[in-house]
Structures are given as structure tokens and as C-alpha cells.
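Reviewing the structure listed below.
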Amino acid sequence: MSLKQKLQEDLKAAMKSGEKLRTMALRGIIAEVSRVEVADAARREVTDADVIQVIKRERARREESLEFARKAGRADLIEQNEAEAKVLESYLPAAVSADEVRAAVNEIIAGGANQIGPLMKALRDRFGAQLDGKVASEIVKSALARK
């Protein structure tokens, strides 16, 4: 079963059980996945990697909204965005630890890379969807600053 099919099955289950926040979050993701399918000129079926990228993007949006909601003191929006972020998290693969990223960065730097772009590409190639870009970027910048 593809990740897209799992999302659709989970949406049906959430609707039947009356879980409003979960239903909203899943509907949003499925809508974004559909947009990605239609936006592609070939109108191809999305892969699990495509769906994971959509989920990551949606999670980042929830985190940004959460930040604004906290500044505005909106408890209702804070609760909604936290709940939706947790739903999205449950569909993402386990993230690589910061220590693993640090070790990989040191290894790549020892191999001769000394710029952010090539380092980040090597990390994405090595870890794929498990890599948290924000954490990796901070580690790469601090490693290059020490150099």
C-alpha cells in the first residue's frame, strides 16, 4: 500500500470516528498531494517520496502558524496547529539524529567538501527523507565556521 493510499484509508477512519482535527489535517495533505499530481505536466501518480515532501512542507507550515499563534496568544489556534502537526509527524519516517548528521558532516568535510551547497546535497543523498533540513543546515554552518 502506498503512502497516499494509507492517507486516504486513515481519512476514512478519522471521518467515521468523528476526529475533526485529524480529518482536517488529512484532507489538507491529500489536497496538496492531488495538486502535486495535477501540476506535473505528465499528470503522473505521486511516489511515496513526493508525498513525504508534501507532508514535510505542510508540517513546516503548521510550525510557522504555531509561532504566529503563540505571539498572538491564540490558544485555539495553538491547540489546532499542534494537533495537526502531530498527525503529520506520524506519517514521516524517523528523523536522523543530530549526532549522526554531525558525524556525516565531519566525514564529508574530511573528504574535501568545504561549501554549504555540496555538503547539504551529500547529506540529502545519504539520508533522504529522514534528514531534517533545518537541523542539518545549522550543523553544516557551525562545522564550516570552525574550519
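The values are calculated or read from the model by the stated rules, or taken from the named source; none is laboratory data. Values in this document were obtained by computation on a predicted structure and should not be read as measured data. Here the Cβ positions follow ideal geometry from the backbone for every residue, glycine too, while neighbour counts run over all protein chains shown.
For region 104-120, a residue qualifies if it is surrounded by 12 or more Cβ atoms within 10 Å (Cβ to Cβ), part of a helix (DSSP H, G or I) and among the small types (Gly, Ala, Ser), and exactly one does: 104. When 39, 122, 103 are screened for being assigned by TED's automatic domain parsing to the domain that holds residue 20 and either within 16 Å of the chain's Cα centre (by Cα) or not aromatic (Phe, Trp, Tyr) (or both), only 39 passes. Quick one: residue 123 ticks every box in (1) part of a helix (DSSP H, G or I); (2) touching a residue at least 24 places away in the same chain (Cβ under 8 Å); (3) of a type in the set (A, V, I, L, M, F, W, C) except a single one, so which number is it? Among (1) part of a helix (DSSP H, G or I); (2) touching a residue at least 24 places away in the same chain (Cβ under 8 Å); (3) of a type in the set (A, V, I, L, M, F, W, C), residue 123 violates only (2).
Residue selection: residue 139 satisfies the criterion of being at pLDDT 85 or above, among the hydrophobic types (A, V, I, L, M, F, W, C), over 30 Å from residue 10 (Cβ atoms) and part of a helix (DSSP H, G or I).
I'd like the residue in region 121-147 that is among the small types (Gly, Ala, Ser) and more than 18 Å from residue 57 (Cα to Cα) and, out of all such residues, is surrounded by the fewest Cβ atoms within 10 Å (Cβ to Cβ). Spell out the reasoning first.
If we filter region 121-147 for residues that are among the small types (Gly, Ala, Ser), which is where we start, we get 122, 128-129, 133, 136-137, 142-143, 145.
Keeping just the survivors that are more than 18 Å from residue 57 (Cα to Cα) gives 122, 142-143, 145.
On the way: 122: 18, 142: 12, 143: 18, 145: 7.
Of everything passing the filter in region 121-147, 145 is surrounded by the fewest Cβ atoms within 10 Å (Cβ to Cβ).
Consider region 42-67 and keep the residues that are of a type in the set (Gly, Ala, Ser) and either in the same structural domain as residue 131 (by TED's automatic domain parsing) or modelled with pLDDT of 85 or more (or both). The one that is farthest from the chain's Cα centre (by Cα) is 65.
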